[in-house]
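Values in this text are rule-based calculations from the coordinates and carry no lab data. All values reported here derive from a predicted model rather than from experimental measurement. In this analysis, Cβ positions are derived from the backbone assuming ideal geometry, glycine residues included, and neighbour counts consider all displayed protein chains.
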């Protein structure tokens with residue numbers, strides 16, 4: 001077994017922003033030299049505010065965006081060294097918006113079955129059986145298989161997305177804010193499903209979120225990202241009880257509490273962490 | 001009424017809160033509820049059937065000249081007869097027969113030209129929209145170049161150079177009318193390019209061809225079908241224009257544009273010679289446009305209930 005399920009070494013992605021025809025473009029370091037290691041079976045939470053580069057990082061891990069510098073290693077193999085098909089059998093994404101991640105013109109069965117067809121796994125009968133099995137596993141009623149995504153609720157759609165991601169039996173899931181588009185009542189169901197699947201299948205998760213409550217609920221380790229860099233990482237207890245970096249402290253203090261009497265969170269002075277980083 | 005009762009009984013039987021109406025049934029109801037679409041489809045369907053069955057329906061050979069029976073007025077005229085329902089033209093050919101055969105030419109040209117231009121325009125538009133960047137710059141330039149050319153003028157010049165015939169008109173219009181397909185395909189593709197289901201297919205290892213043809217195309221098809229109806233009507237009108245100017249379909253073929261052209265010398269004294277093919281042309285184009293508008297309404301999510 002590989003030592004690390006997912007390893008990022010000095011991964012960077014820079015963008016040039018145009019400022020008009022005659023001006024120098026500005027350099028934006030969306031992801032700036034990130035190194036991360038996730039052991040098999042571990043859940044790493046990547047937290048940070050909007051625009052800090054979380055999704056750019058996810059795109060590079062998924063191979064949707066070429067890194068400017070650095071490497072992505074999946075089960076100790078370089079991404080790019082083997083084909084997209086073999087990579088996709090090891091690592092699958094769960095996207096943020098279940099309203100855009102399912103093709104509206106295909107039935108649920110076609111959507112879940114697509115990975116098997118692309119990978120030419122099994123004949124029609126075994127594929128149909130696999131679709132039914134995986135639907136059972138993610139708690140999707142069989143009668144929905146002939147429906148179109150437009151007829152499903154957000155939670156059901158996210159279950160379809162999870163089924164599609166799992167049908168190739170990958171060992172790593174990259175979840176890019178998998179619950180932020182869902183109702184709060186449904187969020188918990190999907191998170192519990194993800195945790196159950198982890199136990200049952202021994203999955204490794206990279207869990208990207210800006211929702212600290214969600215992250216605290218299910219991760220083993222946390223990495224805090226700010227302006228394209230990892231400013232702090234450690235176990236869940238380290239980060240949530242004993243944050244060292246001022247940005248992490250500010251991020252934690254910005255969480256709204258369920259107690260109305262406590263009022264709005266105090267806003268910390270941003271100069272503190274800008275100097276520190 | 002019977003429809004409403006059956007829905008109610010389904011609810012009570014199935015013990016669910018939502019009435020179980022199958023998808024095809026809802027589509028049919030939307031179709032029947034849209035007057036314009038219904039009317040357009042009926043008229044268009046009728047014209048298509050008449051055109052297909054023309055050889056068995058026509059009372060006379062549309063090419064048969066009979067100098068002794070020239071310029072017979074239509075049946076509603078006091079000198080008309082049931083022998084020639086729409087009268088005869090200056091060479092004594094039966095007008096109804098020529099009209100029915102003319103429908104074949106109009107529909108053939110409309111459909112073929114729209115298909116050719118649809119193929120060209122959709123390919124260019126999808127490629128430009130999906131790949132963006134330099135590909136988009138080059139294709140957008142080609143689209144702009146095409147938009148800068150006046151269609152009628154170019155079509156006239158080209159048919160004057162190579163000579164008019166049915167095939168030439170089809171090819172010419174097919175090569176000229178793809179701009180709207182390209183623009184619509186490009187913008188709809190741009191909207192879908194970054195959708196997560198496309199990203200998901202990419203991560204799964206699907207080829208670009210698969211993504212474009214199987215994932216993307218079905219989602220933009222409804223918009224393209226609407227454009228197709230518009231371009232069909234456009235092509236039919238342009239064919240009539242070219243034939244009227246003598247550079248399209250050549251006599252003695254019974255094209256509606258040609259019939260108007262041949263009748264124009266008589267229009268002040270025997271107005272039906274141009275009124276009959278003119279009205280036929282108007283009704284056909286109107287029906288196609290009604291169908292196009294209706295399809296657009298059916299596809300718009302805000303029109304659904």
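Which of the residues belonging to the range A:117-135 are within 14 Å of chain B (Cβ to nearest Cβ) and in a helix (DSSP H, G or I)?
Here is the first cut: in the range A:117-135, the residues within 14 Å of chain B (Cβ to nearest Cβ) are A:117-121.
Answer for the range A:117-135, where residues must be within 14 Å of chain B (Cβ to nearest Cβ) and in a helix (DSSP H, G or I): A:117, A:118.
Considering the range B:53-101 alone, what residues qualify as being touching a helix residue (DSSP H, G or I) at 6+ places or on another chain (Cβ under 8 Å), exposed (fewer than 15 other Cβ atoms within 10 Å of the Cβ) and part of a helix (DSSP H, G or I)?
Within the range B:53-101, just B:57 meets the criteria.
Among the residues of the range A:161-176, write down those that are surrounded by 21 or more Cβ atoms within 10 Å (Cβ to Cβ) and either part of a helix (DSSP H, G or I) or under 15 Å from the mean Cα position of the chain (by Cα) (or both).
Of everything in the range A:161-176, those that are surrounded by 21 or more Cβ atoms within 10 Å (Cβ to Cβ) and either part of a helix (DSSP H, G or I) or under 15 Å from the mean Cα position of the chain (by Cα) (or both) turn out to be A:161, A:162, A:163, A:164, A:165, A:170, A:173, A:174, A:175, A:176.
In the range B:165-200, which residues are surrounded by fewer than 22 Cβ atoms within 10 Å (Cβ to Cβ) and either out of contact with any helix residue (DSSP H, G or I) (no Cβ under 8 Å at 6 or more places or on another chain) or within 8 Å of chain A (Cβ to nearest Cβ) (or both)?
B:165, B:167, B:191, B:194, B:195, B:196, B:199
Assuming residue B:283 fulfils every condition listed in (1) without any contact (Cβ under 8 Å) to a residue 24 or more places away in the chain; (2) surrounded by fewer than 16 Cβ atoms within 10 Å (Cβ to Cβ); (3) in a helix (DSSP H, G or I) apart from one, which condition is it?
All conditions pass for residue B:283, except number (1).
For the range A:92-108, enumerate the residues that are farther than 24 Å from residue A:15 by Cβ and not in a loop (DSSP other than H, G, I, E, B).
A:92, A:94, A:108
Out of all the residues in the range A:49-84, which are within 13 Å of chain B (Cβ to nearest Cβ), part of a loop (DSSP other than H, G, I, E, B) and surrounded by 13 or more Cβ atoms within 10 Å (Cβ to Cβ)?
A:63, A:64, A:65
What single numbered condition from (1) within 12 Å of chain B (Cβ to nearest Cβ); (2) closer than 30 Å to residue A:252 by Cβ fails to hold for residue A:87?
In the conditions (1) within 12 Å of chain B (Cβ to nearest Cβ); (2) closer than 30 Å to residue A:252 by Cβ, residue A:87 misses (2) alone.
Have a look at A:21, A:30 and point out the one that is assigned to a loop (DSSP other than H, G, I, E, B) and either away from every other protein chain (no Cβ under 14 Å) or free of Cβ contacts under 8 Å to residues at least 12 places away in the same chain (or both). Break it down into steps so the answer makes sense when it comes.
On the way: A:30 fails: assigned to a loop (DSSP other than H, G, I, E, B).
Exactly one of A:21, A:30 is assigned to a loop (DSSP other than H, G, I, E, B) and either away from every other protein chain (no Cβ under 14 Å) or free of Cβ contacts under 8 Å to residues at least 12 places away in the same chain (or both), namely A:21.
Report, by residue number, each residue of the range B:210-232 that is away from every other protein chain (no Cβ under 14 Å) and surrounded by fewer than 23 Cβ atoms within 10 Å (Cβ to Cβ).
Taking the range B:210-232 and keeping what is away from every other protein chain (no Cβ under 14 Å), we get B:226-232.
Matches in the range B:210-232: B:226, B:230.
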